[in-house]
Amino acid sequence: MNTLQPSLLRVLAALCASVDTPRSLGIYLRAKHNCFLEDGPPDRTGRSYGLLRQRTDPSAYLTIDSYRKDNACTEFLRKCRLDGIVSKADRAQAARDSFWDSEKVCARTNARLRSLIFGEGLIDLAEIRIQDFLGRAKDYIRKCLGPVPSELNCSFGPGATYGCKGFYTTIPDKIESRVEITRGALLLSPLVIERTAWYRQLVNRQPLDGPYKFIRGNRFTTVPKTALKDRGICVEPSGNVYLQKGVGKAIKRRIKYFTGFDLDFAQDRHRTMACEASRTGSHATIDLEAASDTVSYDLVKFLFPSDWFELLDCLRSPFTQIGGKWVKLEKFSSMGNGYTFELETLIFASLAYACGGEVMGQDFSVFGDDIIIPTEFARDLISVLKFCGFKPNGSKTFLDGPFRESCGGDFFDGAPVRAHNLEEDPSAPEDWISLANGLRRLGSLDPGCDFRTSYPHTAWMRCLDAIPAHIRRLRGPLSLGDLVINDEEGYQFVTRTIGKDRKGPFRFIRVYRPIAKRLPLHHWKGGVLYAAALYGIGSSHVSTRGVQGYKVGLINYP
């Protein structure tokens with residue numbers, strides 16, 4: 001059984017001691033005695049008491065301060081990935097199991113929708129009401145989208161594609177590679193991809209197998225999520241995701257035009273609405289489990305206009321490669337598809353509207369699978385969501401009480417109470433700086449409290465003990481993030497003049513900054529360089545994913 005490193009255990013001990021409640025003591029003892037998954041038989045509700053399975057129920061608390069402190073201790077290690085507790089292989093297997101579970105849900109939803117929509121079997125009164133809801137949602141989407149766009153503003157995504165993996169995911173890497181594409185997406189390629197410098201340089205290079213590489217669909221992989229399981233995503237072919245992102249942008253523009261709601265600024269709006277709702281109880285916040293993986297094929301087919309459905313359908317991946325075999329999908333799309341986020345936002349917005357919402361971004365709001373709706377309509381919406389195959393996350397959905405959560409903002413009776421989650425065992429100075437800054441932010445949640453007397457202060461000091469002395473002196477304002485140890489009073493400026501003509505003096509702050517992994521542009525061939533320049537890559541180097549180290553340096557600070 002893995003144990004916490006002594007430095008981290010001292011941080012947790014200091015945090016729990018400063019909170020000094022039965023729950024904080026229980027959290028510390030579980031960590032000390034390695035009770036991460038189980039520390040006894042489940043109770044009659046089937047819940048386990050292991051540290052990584054702990055949650056703080058806001059309905060059990062009467063005051064903001066008591067909830068905030070207990071929650072800080074509970075959440076501190078709950079998402080920390082410790083390989084000695086749950087191995088990487090087990091976390092990845094949990095994600096694969098979720099993939100298959102979602103496919104089963106989508107298969108049942110498709111069958112249920114076909115029965116409802118096409119009259120296969122008997123329909124009861126409840127289903128008639130559901131039909132009415134779905135009809136209103138369908139009309140909302142039709143009005144929002146209008147005709148399909150005549151042009152698409154397509155682009156590459158920041159991550160991997162089916163063939164570009166690891167460090168080879170830069171824009172020039174993708175331009176150099178053949179166009180990976182499904183047969184369906186090939187229908188749109190002559191109108192978009194074949195007009196790009198990406199395609200022209202491939203034709204000029206005359207690869208033996210042609211500019212296209214046909215792929216049956218996407219590839220399943222996992223990324224870190226919590227201590228117990230990874231998040232499953234599907235990596236799309238490069239041609240598909242290039243076109244999908246263009247469609248995603250088009251949907252986002254139509255949502256903004258139709259509703260006045262800009263998804264680029266929606267997170268701040270959601271946090272504001274959640275804060276107000278926690279104080280007044282006017283709105284409920286709803287979060288869904290595996291939302292993108294449970295958007296079933298027939299739900300999209302029914303809700304979207306036929307021309308939009310054909311556009312979306314031809315660009316999706318109909319198959320996923322998982323476990324060495326190809327699987328025909330029951331879901332419509334997954335995370336990794338370039339339009340999934342906008343698609344699910346519009347679907348959930350239409351269902352919220354059908355249940356009583358009026359104006360997106362005002363009396364109700366949706367951002368991905370984060371839904372805020374007037375409390376009076378929340379239970380109807382949950383019923384419709386369940387019928388459509390979605391599962392509300394019981395631990396993150398709040399219909400009453402003083403707590404609301406949305407888009408990374410947790411609020412108890414109008415006050416922010418978001419805890420800091422440690423995601424990995426800290427092993428380097430930059431990890432300890434990030435942890436120290438997270439604890440500092442905890443202390444700043446109470447605006448009337450001096451951090452030096454706040455409950456996370458001693459734990460913050462224990463973090464600094466683990467940082468080498470010359471790095472521990474790198475202090476700076478919150479605006480510099482984790483480049484420095486956040487300390488509004490403990491930093492000093494360095495004054496320098498620069499250039500041959502000694503311009504300045506300028507003010508600098510010493511920081512601990514990452515060293516990016518960069519490749520010179522001449523690493524690629526001429527046609528690739530020309531296409532990359534047209535795309536907007538204008539520097540002499542291209543940064544790859546990840547960093548190759550950290551170093552102490554100076555950064556200009558006005």
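Nothing in this text is a laboratory measurement; each read-out follows from the coordinates by a stated rule. These figures come from a predicted structure and were not determined experimentally. Every residue, glycine as well, gets a Cβ built from its backbone with ideal geometry; the counts of neighbours run over all protein chains shown.
Assorted remarks:
- Protection proxy ranking of 296-307, 105-116, by the mean of other Cβ atoms within 10 Å over each peptide's residues and highest first, is 296-307, 105-116.
- Remark: region 171-415 carries a charge dipole of roughly 1040 debye about the Cα centre, counting +1 on each Lys and Arg Cβ and -1 on each Asp and Glu Cβ.
- Placing +1 on each Lys and Arg Cβ and -1 on each Asp and Glu Cβ, with no other charges, gives the chain a dipole about its Cα centre of roughly 2000 debye.
- Summed over qualifying helices (DSSP H, 4 residues or more, each -39500 (n - 2.57)) and divided by its residue number, the chain shows a 222 nm mean residue ellipticity of -13000 deg cm²/dmol.
- Set K88/K225; K325/K391; K252/K331; K104/K331; K104/K396; K249/K391 screened for pairs whose C-alpha atoms are more than 18 Å apart: K325/K391; K252/K331; K104/K396; K249/K391
- Neighbour counts of C-beta atoms inside 10 Å place H270, H33 in the sequence H33, H270, starting with the fewest.
- Counting other Cβ atoms within 10 Å as a rough exposure proxy, the listed residues D268, D293, D431 run D268, D431, D293 from fewest neighbours to most.
- Model label zone, K138; criterion: amide N under 14 Å from point 7 Å along Cα-to-beta-carbon; scope region 76-119: 113-119
- Note on the chain: dipole from Cβ charges, positive end direction compared against C234, F261, Y168; the farthest Cα belongs to Y168.
- Förster-model FRET efficiency, 56 Å R0, T458 and T375, C-beta, rounded to 0.05: 0.90
- Each of I555 and S59 was given a label point 7 Å from its Cα along the Cα-to-Cβ line. The distance between the two points is 4.3 nm.
- Matching label, Rg and Dmax of the Cα atoms in Å computed from the structure shown, candidates (1) 23.1, 67; (2) 25.9, 85; (3) 48.5, 118: (2)
- Pair S155, R507: separation of 7 Å Cα→Cβ label points (nm): 3.4
- Taking every C-alpha pair closer than 8 Å and separated by at least 6 residues, the mean separation divided by the residue count of the chain gives a relative contact order of 18 percent.
- Full extension of the chain segment joining K32 with K88 gains 17.9 nm, where the gain is 0.36 nm per residue of separation less the Cα-Cα distance.
- Burial ordering of E330, E194, fewest other beta-carbon atoms within 10 Å first: E194, E330
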